[in-house]
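The values are calculated or read from the model by the stated rules, or taken from the named source; none is laboratory data. If you're wondering where the values come from, they're calculated on a predicted model, not measured in any experiment. Cβ placement follows ideal geometry from the backbone for every residue including glycine, while neighbour counts extend to all protein chains displayed.
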Amino acid sequence: MAHFWSVAAAELTGSHLDEVKRMVARFRGPVVRILGAGLSFGQVAAVAHAKDAASVTVELANEARVRVQACSDWIVDSVANGGDIYGVTTGFGGTSHRRTKDGHGLQVELVR
């Protein structure tokens, strides 16, 4: 049993520190590449904390762009057809039963 724990501990050695270092490197980088999977806190923070639009470039892979467009089309079609979409045409949590006509304002409140 002791061998099991020593192997497990060896596999975890430095893993958190290494991940934090990778996150910091992504945060400080001038380019954020979005491939469609594995978006990190460092990437989100890099874009959110950019001093201006010129200080960080976001590159969206073609694969991801196709999926984003498909999702966007679905949302636009659903809204146009009067569908309820949690957090888009309705509130969040306890107000999810309330429909809004101010989708833009709702999204601004979400990211505040």
- Item | Total residues in segment 45-66, condition in a helix (DSSP H, G or I) and of a type outside the set (Val, Ile, Thr) | 7
- Matching residues in segment 14-33 - criterion: being in a helix (DSSP H, G or I) and among the β-branched types (Val, Ile, Thr): Val20, Val24
- Query: Which members of segment 67-86 meet the condition of being part of a helix (DSSP H, G or I), out of contact with any Leu (no Cβ under 8 Å at 6 or more places or on another chain), surrounded by 12 or more Cβ atoms within 10 Å (Cβ to Cβ) and without any contact (Cβ under 8 Å) to a residue 24 or more places away in the chain?
  - Reply: Trp74, Ile75, Ser78
- Message: Whether any residue in segment 87-100 is in contact with a Gly (Cβ under 8 Å, 6 or more places away or on another chain), assigned to a helix (DSSP H, G or I) and surrounded by 12 or more Cβ atoms within 10 Å (Cβ to Cβ) is what I want to check.
- Response: no
- Item | Filter result for Ala54 (at pLDDT 75 or above and surrounded by 13 or more Cβ atoms within 10 Å (Cβ to Cβ)) | no
- Item | Only listed residue being assigned to a loop (DSSP other than H, G, I, E, B) and either loosely packed, with under 12 Cβ neighbours inside 10 Å or in contact with a helix residue (DSSP H, G or I) (Cβ under 8 Å, 6 or more places away or on another chain) (or both), chosen from Gly36, Gly105, Gly42 | Gly36
